[in-house]
């Protein structure tokens, strides 16, 4: 019988099988809680989360700050939460996966990679991952992209030419897509982890609630509408209590809409060529974005004006966020493992990580000892947090220097 992390901690037995989960928890809902329970049922003794910091993959501010969301995670089943810095957190699925896998691999303690999937079969996802890494796929994709269809559609068609339409159809669902990117990232990073796939339960990625489970997107919508108690009903009570506290303090729900004028001010001060470094399309998308900035009066209107059949809102939103944060490139690797929250088992994992030489960061002042690359990233991340706090409902909560002051949540 698999012991829980709490039993392991009390008995003094170090967990042997540690599952890593790459996540946003934006916010943590009942589906996330169920997934962590399922990961333990499948044999994990401990859970380490690589969690997005204050900005997320959609190019938005997280609904609550990273420490609050990390606390939710540890109160709801995780043992240790490490921060996935903004360059990887607010990036494409491929870069998000690469950063998360690399971070977990660097711990030296993660033996398994666990993720939710509409498919639930790791072998099918690995087959697709191999196809996407082939020269044949790249050639198919280049040819299809000339037809003007979206990248996602062309990607699925290019894969279907190798593995067939049924197998390639897995790319149409967000969690399968991320699972495939995790498989690709493991190969590139050289991470030898077992895969634990957990079939998705409840609501779809952006769908209506099902089986008593709502998506994080639906919960955020409820919070924006002021339906807080309904939002809390879709969260584990421990997570809801943390979010309730953040709402009462004026730190949630955070949203870029709260600091829209600051975003627009930055965009309007940019010349057309200034947008180019944030455009990874290679097709001059930044021209469309610049024209939209010059003609529209809100961020949403800018995105609507620049959007096309080929380019999604999420891609454009990331461009806008990267421009606001002055984030032009993704570093070569994740230079440190910043601890956001831990319980007793998590602290045992941290001791083992340090013994193995992992660059663990619990105190901001210690970052200088980790080298110039680590110090540069942390300093920049601290400035990004200063901008993030402008998205709090209560501006009085947005004092600068937050990343330098806060310490990990230890439960």
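Scanning segment 208-262 for residues being over 16 Å from residue 76 (Cβ atoms) and within 19 Å of the chain's Cα centre (by Cα) gives a total of 10.
Results for (1) farther than 26 Å from residue 233 by Cβ; (2) surrounded by 20 or more Cβ atoms within 10 Å (Cβ to Cβ); (3) out of contact with any strand residue (DSSP E or B) (no Cβ under 9 Å at 6 or more places or on another chain), shown as yes or no for each residue.
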| site | (1), (2), (3) |
| --- | --- |
| 138 | yes, no, yes |
| 145 | yes, no, yes |
| 157 | yes, no, yes |
| 184 | yes, yes, yes |
| 191 | yes, no, no |
| 199 | no, no, no |
| 211 | no, no, yes |
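Note on segment 197-240: residues that are modelled with pLDDT of 95 or more and assigned to a strand (DSSP E or B) total 0. The condition of being in contact with a helix residue (DSSP H, G or I) (Cβ under 7 Å, 6 or more places away or on another chain) and touching a residue at least 40 places away in the same chain (Cβ under 8 Å) holds for only one of 238, 296, that being 238.
Looking at 380, 345, 362, which is the one that is modelled with pLDDT of 95 or more, farther than 17 Å from residue 67 by Cβ and surrounded by fewer than 21 Cβ atoms within 10 Å (Cβ to Cβ)? Step through it out loud before you land on a result.
Details: 345 fails: surrounded by fewer than 21 Cβ atoms within 10 Å (Cβ to Cβ); 362 fails: farther than 17 Å from residue 67 by Cβ.
It is 380.
So is residue 281 surrounded by fewer than 20 Cβ atoms within 10 Å (Cβ to Cβ), closer than 22 Å to residue 152 by Cβ and either touching a residue at least 40 places away in the same chain (Cβ under 8 Å) or within 23 Å of the chain's Cα centre (by Cα) (or both) or not? Considered against the rule, which asks whether it is surrounded by fewer than 20 Cβ atoms within 10 Å (Cβ to Cβ), closer than 22 Å to residue 152 by Cβ and either touching a residue at least 40 places away in the same chain (Cβ under 8 Å) or within 23 Å of the chain's Cα centre (by Cα) (or both), residue 281 comes out as yes.
Considering the conditions (1) in the same structural domain as residue 63 (by TED's automatic domain parsing); (2) surrounded by 17 or more Cβ atoms within 10 Å (Cβ to Cβ), residue 250 is excluded by exactly one of them, (2). For segment 303-346, the tally of residues that are under 22 Å from residue 369 (Cα atoms) and touching a strand residue (DSSP E or B) at 6+ places or on another chain (Cβ under 7 Å) stands at 6. The set of residues from segment 248-277 being touching a residue at least 24 places away in the same chain (Cβ under 8 Å) and under 17 Å from residue 63 (Cα atoms) comprises 249, 250, 251, 252, 253, 254, 255, 256, 257, 258, 259, 260. Against the test of being under 26 Å from residue 20 (Cα atoms), in contact (Cβ under 8 Å) with a residue 12 or more places away in the chain, assigned to a helix (DSSP H, G or I) and not assigned by TED's automatic domain parsing to the domain that holds residue 150, the options 340, 321, 350 yield a single qualifying residue, 350.
Counted as qualifying within segment 1-81 are the helices (runs of 4 or more DSSP H) with 2 or more residues that are surrounded by 21 or more Cβ atoms within 10 Å (Cβ to Cβ) and modelled with pLDDT of 95 or more, namely 30-41, 66-75.
Every residue, every condition in (1) at pLDDT 95 or above; (2) over 21 Å from the mean Cα position of the chain (by Cα); (3) buried (at least 21 other Cβ atoms within 10 Å of the Cβ), yes or no:
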{"position": "320", "(1), (2), (3)": "yes, no, yes"}
{"position": "329", "(1), (2), (3)": "no, no, no"}
{"position": "332", "(1), (2), (3)": "no, no, no"}
{"position": "337", "(1), (2), (3)": "yes, no, yes"}
{"position": "357", "(1), (2), (3)": "no, yes, no"}
{"position": "366", "(1), (2), (3)": "yes, yes, no"}
{"position": "394", "(1), (2), (3)": "yes, yes, no"}
{"position": "404", "(1), (2), (3)": "yes, yes, no"}
{"position": "411", "(1), (2), (3)": "yes, yes, no"}
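With respect to (1) on the phi < 0 side of the Ramachandran plot; (2) at pLDDT 95 or above, the lone exception for residue 125 is condition (2).
The values are calculated or read from the model by the stated rules, or taken from the named source; none is laboratory data. Here the structure is a predicted model, which means the values were calculated and not measured. Note that we place each Cβ from the backbone using ideal geometry, even for glycine, and neighbour counts take in every protein chain shown.
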